[in-house]
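Beneath this line is the structure, given in structure tokens, with notes to follow.
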Amino acid sequence: MGAVHGWMDESEVRRLAEGLMAAAPVANPSGYDSDFVGFAELDESPEVAEEAWQGAPTASQEVADAPQAVAGESQAVVPNLASGALARASERAREAGLLRPMVAAAEAPAASLTDRLAVFCGWLTSEFGASEVYLVDQEGQVAFDGLSQSKGGEFARKLARAACSASREAAAGALSAPVHLKLGHGSTLAVFPLETSQGVMVMAALVPAAIAPAAHGGIAAELAKVLGDERRV
Amino acid sequence: MIIIAVSSQKGGVGKTTLSINLAHSFARSGRRTLLVDGDPQGSVGLSLTRQSRNLTGFYDFLGDTSLSVERLVVPTRLATLALVAAGQGSSYEVAAGGYGSSQQRVSEFFQRVAGLEYEICVVDTAAGFFGITAEVLAASNGVLIAQQAEPLGIRSVPKMLESLTRMRAVNPRLRVLGVVLTMVQANLPESRDAAQALRSILPEGMVLRTVVPRDDLFIRASARGLPVGAMEDGAAALGNFERMRAELDAKLAGSYQEGIA
């Protein structure tokens, strides 16, 4: 037994093991904590909407105006990722040299759709504090799934797919209405459609606060750049 | 449906043997059980079927959205036991389906299996806690760790616990059902000592009372494509796995009460 005990930090091993054997804390079966109060309120005043969007310089402006600042900015943009899932996606994108201020799709190095969407999600994190992101196209095919496996995550997926169906069935040119659900203090589930020339994509994202409708167009534009959709920019 | 992943930090510790015989035991108890080969090496299929190399399976499903789960299920002579082979698409792991896309497909796989009204799904995973194994653990209810009762094998325990702790952050509902000591050699002091050391260090109840001994019966059973319980001289081994299954049933019953499973 000495041969085993001599090299192992037994107290650390026991601590880890006891943590694993304890039931993991789960807020409540619905996936929402006790602060869930229902639908979030949006401040749709023009000033707030304008600030929400104009405060976010586009990547192409940064690249054109300050190359050195872009290099530093790319580090500052690295988000405080609350979600392990999005952290892994961003790490993959970072390792691939993709997680930097958005550039036009034509200038970006060739990358898989998933890696490009990971960049888009990293941008969402830096601009809106998104911690989990889910994207589904109008056919109901999942383009990116960074949601957790909790019941809350499953609910968000269902909501996004329902919004997809609603957009398909809506009258031509109409989109499903955005939905913001306040999940707790500093946590809102935002589900809204994004128009691209390839059709409507629905995004579900966990954000600190509701995203004003005026900002949706800009988000759609950034997504279009990632998808290489120059016609929509 | 309860999804139990059988995992380990190192390879070659007896996960496949454990998966096959545990699934067999669950099925013998009357529960509809599906054994899934989540290891690209296809060890489960190699152990139980002659045609495993030709079977469409789990990794094909991950890479092909047109495949149905029904097409993948292979029945066995035991009516309550079926299996899904690893499949031909094991190169999927290397090609990398892209983060996000594989998790969705893994989740869909288990959702569809649940739709076929299986009560237990035992998944034999590849060694380590990354890649598709991590995706499987993210979707599982419980994980059983196979741990070789040898000094060198025991050295991987700290790393294994760290990996599981990270997995629990991704999937808080993942229940660590326990550590199963495998390849135990009762007549070898080093093996006995390694087993005893692990029991003394880990919390009570984490290491299952039932162990899997090193026995050439498992090799002979694999050569015949059978669980050990189906071998002519497999009664003792069958009893051993029945006891292990009873231990797990007790733990799972506790999970139900906690609302985890």
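Which residues make up the longest stretch of chain B clear of trypsin sites (Lys or Arg not before Pro) that lie in a DSSP loop with no more than 10 other Cβ atoms within 10 Å, not counting the sites? Each step should come with its number before you reach the end.
On the way: sites that count: B:Arg50, B:Arg77.
With trypsin sites (Lys or Arg not before Pro) excluded where exposed in loops, chain B gives B:78-261 as its longest stretch.
In whole percent, how big is the carbon plus sulfur part of the accessible area of region B:2-258, probe 1.4 Å, protein atoms only?
Numbers: 5140 of 9960 Å².
The computed percentage sits at 52.
Extending 7 Å from Cα along the Cβ direction at B:Gln88 and again at A:Ser11 yields two label points whose distance is 5.7 nm.
Entry note, chain B: relative contact order of 25 percent, from Cα contacts under 8 Å with a spacing of 6+ residues.
Of B:Leu174, B:Leu152, B:Leu35, the residue with the greatest mean-square motion in the GNM of chain B, using alpha carbon springs below 10 Å, is B:Leu152. For a straight C-alpha distance cut-off of 17 angstrom, the lysines reachable from A:Lys158 (same-chain residues fewer than eight places away being disregarded) are A:Lys182. Exposed loop sites here are GluC sites (Glu not before Pro) in DSSP loop states with at most 10 other C-beta atoms within 10 Å. What is the longest stretch of chain B lacking them? Segment B:1-116 is the longest.
A crude spin-label estimate for the pair B:Ala250 and A:Gln141, with each label 7 Å from Cα along the Cβ direction, gives 5.1 nm. Computed from the C-beta positions of B:Leu188 and B:Ser29, the FRET efficiency with R₀ = 30 Å rounds to 0.40.
Compared with the alpha-carbon gap, the fully stretched path from A:Ala22 to A:Ser112 is longer by 28.4 nm at 0.36 nm per residue.
What length, rounded to one decimal in nm, is gained on full extension from B:Thr65 through to B:Leu78, with 0.36 nm per residue of separation minus their alpha-carbon distance?
Working: separation 13, 0.36 × 13 = 4.68 nm, distance 2.97 nm.
Length difference between fully extended and current span is 1.7 nm.
Could you provide, to the nearest whole Å², the per residue accessible area of chain B with probe 1.4 Å? Show your work: numbers first, answer last.
Working: 10180 Å² over 261 residues.
That works out to 39 Å² per residue.
Between B:Ser29, B:Ser156, B:Ser66, the residue with the greatest mean-square fluctuation in the GNM of chain B (Cα pairs under 10 Å linked by springs) is B:Ser66. Computed per residue of chain B from DSSP H runs no shorter than four, each worth -39500 (n - 2.57), the mean residue ellipticity at 222 nm is -13500 deg cm²/dmol.
Between B:Asp193, B:Asp37, B:Asp216, the GNM of chain B built on Cα springs shorter than 10 angstrom shows B:Asp216 fluctuating the most. Put simply, chains A and B cover up around 2900 Å² of each other's accessible surface, both sides summed, when a 1.4 Å probe is used. Peptide A:143-149 is shielded by partner chain Cβ atoms: per residue, an average of 6 of them sit within 10 Å of its Cβ. Here region B:193-218 is scanned for amide nitrogen atoms under 15 Å from the site 7 Å beyond the Cα of B:Arg155 along Cα-to-Cβ, giving B:194.
The values are calculated or read from the model by the stated rules, or taken from the named source; none is laboratory data. Here the structure is a predicted model, which means the values were calculated and not measured. Glycine gets a Cβ as well: all are built from the backbone with ideal geometry, and neighbour counts include every protein chain shown. Quick note on the areas: whole protein, heavy atoms, side chains included, nothing else; ligands and nucleic acids left out. Shrake-Rupley method; radii C 1.70, N 1.55, O 1.52, S 1.80 Å.
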